[in-house]
Amino acid sequence: WLQLFKFGLVGGSGYLINLAVFALVTGAFDLHHLVAAVIAFVVAVSSNFWWNRHWTFSARDRAVHFQAARFFAVSIAGLVINLVVLELLISTGSVGELPAQAIAVAIAMPFNFVCNRLWTFA
């Protein structure tokens, strides 16, 4: 339960980083929402990897390159979930871009936790 709580905190910070970067690149740089989502993902996932490796799962003593490869594989699968949900929400006109991104990231989070707990940092 403690790991889930820590993962939630790390994920929460990554969530805020993701939304901030998404808002910045869609607003200031007028990028398409899917491009902005990928950029936001790269920034947030880099932060999340470091914090999950060093704090959530305390897995600093294991080979970083294997963990990184697994973490990014899981994260890319989570990104696919995110992009599908994001596009569905925006293309149907259900919600605006930023709320749609917030919902999409939240939907992908449980998948990310389970895969990282059982595979990446096991």
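The values are calculated or read from the model by the stated rules, or taken from the named source; none is laboratory data. Please read all numbers here as calculations on a predicted model, not as lab measurements. Using ideal geometry, Cβ is built from the backbone for each residue, glycine included, and neighbour counts are taken over all protein chains shown. Heavy atoms of the whole protein, side chains included, go into the accessibility calculation; ligands, DNA and RNA do not. Shrake-Rupley method; radii C 1.70, N 1.55, O 1.52, S 1.80 Å.
Here are the numbers for the structure shown:
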read-out	value
Fraction in percent of alpha-carbon pairs per bin - 5 Å, the chain	2, 12, 23, 23, 17, 11, 7, 3, 1, 0
Where 42, 21, 95 fall by accessible area, highest first, once all protein chains stay in place (1.4 Å)	42, 95, 21
Förster radius 30 Å - calculated FRET efficiency between residue 88 and residue 24 (Cβ-Cβ, nearest 0.05)	0.80
Cβ-based charge dipole, the chain, positive-most Cα from 99, 68, 43	68
Centre separation in Å (Cα based) which lies between the stretch 55-97 and the stretch 8-42	12
In degrees, nearest ten, helix 97-115 long axis to first principal axis of the chain (Cα)	20
Highest-fluctuation residue, 70, 62, 53 considered, GNM on the chain with Cα pairs under 10 Å	62
For the chain: accessible area per residue (Å², 1.4 Å)	54
Cβ-placed point charges (K, R +1; D, E -1), dipole of the chain about Cα centre in debye, nearest 20	560
Unit charges at the beta carbon, dipole of the chain: most positive-side option, 59, 109, 77	59
Loop-resident sites, the stretch 1-76, for chymotrypsin sites (Phe, Trp or Tyr not before Pro), counting at most 11 other Cβ within 10 Å (DSSP)	1, 29
In degrees, nearest ten, helix 2-27 long axis to first principal axis of the chain (Cα)	30
Neighbourhood charge, 13 Å Cβ-Cβ cut-off, centred on residue 32 and excluding it, Lys, Arg +1 and Asp, Glu -1	-3
Crossing angle, helix 33-51 versus the chain [Cα axis fit, 0-90 degrees, rounded to tens]	20
Amide H contacts of residue 121 (H built 1.01 Å from N, under 5 Å, at least 5 apart or other chain)	none
